[in-house]
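Contents: one structure, followed by commentary.
The values are calculated or read from the model by the stated rules, or taken from the named source; none is laboratory data. Keep in mind that this is a model prediction, so the values were computed, not measured. Neighbour counts are summed over all protein chains in view; Cβ atoms, including those assigned to glycine, are modelled from backbone coordinates with ideal geometry. Each accessible area value is taken on the protein alone, full model and side chains, heavy atoms only, with ligands, DNA and RNA left out. Shrake-Rupley method; radii C 1.70, N 1.55, O 1.52, S 1.80 Å.
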Amino acid sequence: MSEHLPLGLDELLTTTRAVRRRLDFSRPIDRKVIDECLEIAVQAPTPSNLQNWHFVVVTELEKKKALADLYRRGRELYLSLPSAEPGMTYREWAVSTPARQKVEQSALYLNKHFEEAPVLFIPCVTGRTDSPAKPKDTVPSVLTQSAQWGSIAPAAWNFMLAARARGLGTCWTSLHLYFEREAAEIIGIPYDEVMQISLIPVAYTLGVDFKAAPRAPMTEIVHWDTW
Ligand SMILES: Cc1cc2nc3c(=O)[nH]c(=O)nc-3n(C[C@H](O)[C@H](O)[C@H](O)COP(=O)(O)O)c2cc1C
């Protein structure tokens with residue numbers, strides 16, 4: 001087994017951050033470390049134990065560059081769209097508070113360096129949520145959507161936790177999905193049957209000390225017995 005950081009379980013769960021600026025692009029990752037993370041990923045649950053997942057590990061520079069370009073195009077598109085805040089595009093929203101500016105600075109850095117991560121990881125699930133499961137449905141039911149996303153998000157997070165335990169940083173990203181079909185062509189993913197969930201850069205971290213992040217107070221989000 002590869003080397004582990006001396007982290008307690010709660011520490012692992014509370015310090016697995018979205019790492020962007022502290023990714024060490026110069027340090028290679030041994031394939032066996034990724035294999036261990038994948039073995040841990042597939043201990044996650046799936047509905048009826050379907051195990052309807054696939055995992056793409058991209059290490060070839062040309063493919064990483066092509067995916068990074070799709071991500072950058074996706075981010076440009078996203079930033080140009082209207083945000084939930086009236087009169088504000090996402091570009092404006094992203095710098096509208098100090099906390100958002102901090103995330104935006106970090107996101108900009110990753111945007112620039114995306115392909116430099118030694119590994120880009122793409123969790124996938126069989127079946128799509130953007131086409132109806134049965135011909136008479138217009139959109140997949142919430143139940144179907146839940147089953148699809150719920151089939152892969154826990155495994156992807158298991159992978160990210162296992163990576164952190166081994167000194168690797170990750171960041172869940174999704175903006176390449178505006179061009180998911182093009183990404184599928186780069187890798188050879190059968191787009192009509194398999195949906196990509198995210199594009200996750202993986203690299204050793206610069207330093208290993210990460211902290212729990214500030215979050216909204218429990219009183220705003222937890223509902224015991226009644227909403
Ligand atoms: C579904 C999802 C999509 C995300 N998409 C992106 C993305 O496209 N680009 C990016 O830099 N970060 C993305 N993130 C990372 C979030 O910005 C990050 O998880 C959040 O800011 C909390 O970070 P923290 O846990 O380090 O506090 C995404 C996270 C999730 C869960």
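Working from Cα pairs under 8 Å separated by at least six residues, relative contact order for the range 114-227 is 38 percent. How high is the relative contact order of the chain, given as a whole-number percent (alpha carbon pairs under 8 Å, six or more residues apart)? Across the chain, relative contact order equals 36 percent.
Take the Cα of Thr89, step 7 Å toward its Cβ, do the same at Asp30, and the gap between the two points is 4.7 nm. Protection proxy ranking for 14-20, 145-151, using the average of other Cβ atoms within 10 Å per residue and placing the highest first: 14-20, 145-151. Relative to the current alpha-carbon distance between Trp227 and Leu5, full extension at 0.36 nm per residue lengthens the span by 75.9 nm. Amide hydrogen proximity for Val56: with H placed 1.01 Å from N in the peptide plane, the residues at 5 or more positions away or on another chain lying under 5 Å are Ile122, Cys124. Summing +1 for each Lys or Arg and -1 for each Asp or Glu, what net charge is found among the other residues whose Cβ lies under 9 Å from the Cβ of Cys171? Charge balance near Cys171 sits at +2. Placing R0 at 25 angstrom, the Cβ-Cβ distance between Leu81 and Gln101 gives a FRET efficiency of 0.85 after rounding to 0.05. With θ taken as phi - 60° and the Karplus curve 6.51 cos²θ - 1.76 cosθ + 1.60 applied, the whole-hertz 3J(HN,Hα) list for the range 148-153 is 5, 5, x, 7, 10, 4 Hz, x standing for glycine and proline.
Could you check how much of the accessible area of the range 115-227 is carbon and sulfur, as a whole percent, using a 1.4 Å probe? Result for the range 115-227: 61 percent of the exposed heavy-atom area is carbon or sulfur.
Each residue of the range 157-174 was assigned a 3J(HN,Hα) from its phi angle through the Karplus curve 6.51 cos²θ - 1.76 cosθ + 1.60 (θ = phi - 60°); the sequence is 5, 4, 4, 5, 5, 4, 5, 4, 4, 9, x, 9, x, 9, 8, 5, 10, 9 Hz, with glycine and proline shown as x. Surface exposure of the range 105-227, expressed per residue as accessible area with a 1.4 Å probe, stands at 51 Å². Averaging Cα coordinates gives a centre for the range 178-227 and one for the range 47-97; these two points are 10 Å apart.
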